[in-house]
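The values are calculated or read from the model by the stated rules, or taken from the named source; none is laboratory data. On a predicted model such as this, the values are computed, not experimentally measured, just so you know. Positions of Cβ are backbone-derived with ideal geometry, glycine not excepted, and every protein chain shown enters the neighbour counts. Accessible surface areas use protein heavy atoms only, side chains included; no ligands, DNA or RNA. Shrake-Rupley method; radii C 1.70, N 1.55, O 1.52, S 1.80 Å.
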Amino acid sequence: MTPPPLPTRIPVLLYHAVMADPPDWIAEFTVSPREFASQLDAIVASGRTAITVGALAAHFATGAPLPPRPVVLTFDDGFADLAGPTGEALASRGLPSTAYLTTGAITPGRPCLLPPAPMMTLAQAPRLEQYGMEVGGHTVTHPQLDTLAPRALRRELRESKAVLEDVLGHEVVHLAYPHGYNSPAVRRAAAAAGYTSAVAVRHALSSRTDEIYRIARLILRRSHTVADVEQWMEGRGAKAAPYPDSLPTVGWRMYRRARALLRGPEFAG
């Protein structure tokens, strides 16, 4: 007999591209359209209720109630499929989600650290909301935020927010750190820039006591299967946040900061 699900564990899934033939640099974090459809069907079959990051953040901030078994689907960067077949697949199953857009990557002619790939356009951002997606910021150029000087950090956070607000016509208050890289200083800067929540990666389950400025997500790789998703829907298969940064995480951050002093801002990937 299968043990009952662990009610305090909340899967927050992190997707990137959904395509059959991705560029090499994003292939590891790409799911094929067929596999994506199977994973969405598994989520629906699990009986979990899909909510946005905004709903989860409201619980952290004010104690707003959550459904008994919530799940959150998020999408980073703004690949071309998001404003087409991926959005349609979500809408057809009644699954709200949250999309975090890198404004430099979806605005032709703007500088961006992301390598070339098929991307949606900034003008398509309102279409995401028609599919039931909440739109959040994912910086301008996709840098390693925890290696930036304060002025550059503020620009990345505030400019992307302002650009998205201009095209959507309303406030944008949710942020995703590129590749999950953050620090206490980055989290403070996110709050100062007007974001009310931020998601990291951590490859862990979230929980009802997670941290609002580094919500844990489970990153989907091409090697993950429906069985992995089913396990996460049961609240199993990964540790649960919150938990402190490990020594290797702190050491890796220090190394990247030192490297950035020599090389300048680098792609978070």
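Using all alpha carbons of segment 4-120, what is the percent of pairwise distances in each 10 Å bin, ordered from the shortest bin to the longest?
Per 10 Å bin, starting at 0, the Cα pair percentages come out as 12, 41, 31, 14, 2, 0.
Could you give P(r) for segment 47-170, binned at 10 Å from zero, as whole percent values over all Cα-Cα pairs?
13, 40, 34, 13, 1
Give, as ranges by residue number, the residues of segment 114-133 whose backbone N falls under 19 Å from the point 7 Å along Cα→Cβ of Asp21.
Counting backbone N atoms under 19 Å from the label point, the list is 116-120.
Put one equal scatterer on each alpha carbon of segment 166-232, apply the Debye formula with no solvent term, and list log10 I(q)/I(0) at q = 0.14, 0.20, 0.26 1/Å to two decimals.
With no solvent term, the Cα-only Debye profile gives -0.52, -0.85, -1.11.
If we count every other residue with Cβ under 14 angstrom of Ala193's Cβ, Lys/Arg +1 and Asp/Glu -1, where does the sum land? Could the numbers behind the result be given before it?
On the way: positive: Arg151, Arg154, Arg155, Arg158, Lys161, Arg187, Arg188; negative: Glu156, Glu159, Glu165, Glu171.
That works out to +3.
Compute the projected area of the convex hull of the Cα atoms of the chain, averaged over all viewing directions, and report it in nm² to one decimal place. If you can, show how the numbers build up before the last one.
Details: hull surface 55.1 nm².
Mean shadow area of the hull around the Cα atoms is 13.8 nm².
Net charge within 12 Å of Ala42 by Cβ-Cβ distance, Lys/Arg positive one each and Asp/Glu negative one each, not counting Ala42 itself? All intermediate terms of the calculation are to be shown ahead of the outcome.
Working: positive: Arg48, Arg93; negative: Glu35, Asp41, Asp228, Glu230, Glu234.
Overall, the nearby charge balance is -3.
Test of understanding: given the chain, find the longest segment containing no GluC sites (Glu not before Pro) that are in a DSSP loop and have at most 13 other Cβ atoms within 10 Å. Please report the intermediate quantities before stating the final value.
On the way: sites that count: Glu28, Glu171.
Between the exposed loop sites, the longest stretch runs 29-170.
Go ahead and estimate [θ] at 222 nm for the chain from helices alone: -39,500 (n - 2.57) per DSSP H run with n ≥ 4, summed, over the residue count, rounded to 500.
Details: 9 runs with 94 residues, N = 269.
Calculated mean residue ellipticity at 222 nm is -10500 deg cm²/dmol.
Only bridges with both residues in the chain count here: give the DSSP antiparallel percent, nearest 5. Write out the running numbers ahead of the final one.
On the way: 4 of 30 bridges.
Of those bridges, close to 15 percent are antiparallel.
State the Kirkwood hydrodynamic radius of segment 151-269 in Å, one decimal place, computed from all pairs of distinct Cα atoms. All intermediate terms of the calculation are to be shown ahead of the outcome.
Numbers: mean 1/r = 0.0623 Å⁻¹.
It is 16.1 Å.
Which of the helices in the chain meet the span-like rule: DSSP H, Cα axial reach of 15 Å or more, Kyte-Doolittle mean at least -0.5? Each step should come with its number before you reach the end.
On the way: long enough: 33-45 (18 Å, 0.25); 150-168 (27 Å, -0.58); 247-263 (24 Å, -0.37).
Both cut-offs are met by 33-45, 247-263.
State the extension gain, in nm to one decimal, for the chain segment bounded by Arg188 and Leu261, taking 0.36 nm per residue of separation less the distance between their alpha-carbons. Walk me through the numbers on the way to the answer.
Values: separation 73, 0.36 × 73 = 26.28 nm, distance 2.17 nm.
Gain on stretching Arg188 to Leu261: 24.1 nm.
Over all directions, how big on average is the projection of the convex hull of the alpha-carbon atoms in segment 144-202, in square nanometres?
Working: hull surface 15.1 nm².
For segment 144-202, the mean projected area of the Cα convex hull comes to 3.8 nm².
In debye, nearest 20: dipole of segment 119-160 around its Cα centre with unit charges on the Cβ of K, R (+) and D, E (-)? If you can, show how the numbers build up before the last one.
On the way: 5 positive and 5 negative charges, 39 e Å.
Roughly 180 debye for segment 119-160.
Leaving out ligands, DNA and RNA, what percent of the accessible area of the chain is carbon and sulfur, probe 1.4 Å? Each step should come with its number before you reach the end.
On the way: 6630 of 11470 Å².
Its accessible area is 58 percent carbon and sulfur atoms.
If Lys and Arg each add +1 and Asp and Glu each add -1, what is the summed charge of the other residues whose beta carbon sits under 12 Å from the beta carbon of Pro68?
Working: positive: Arg48, Arg69, Arg208; negative: none.
Neighbour charge sum, excluding Pro68 itself: +3.
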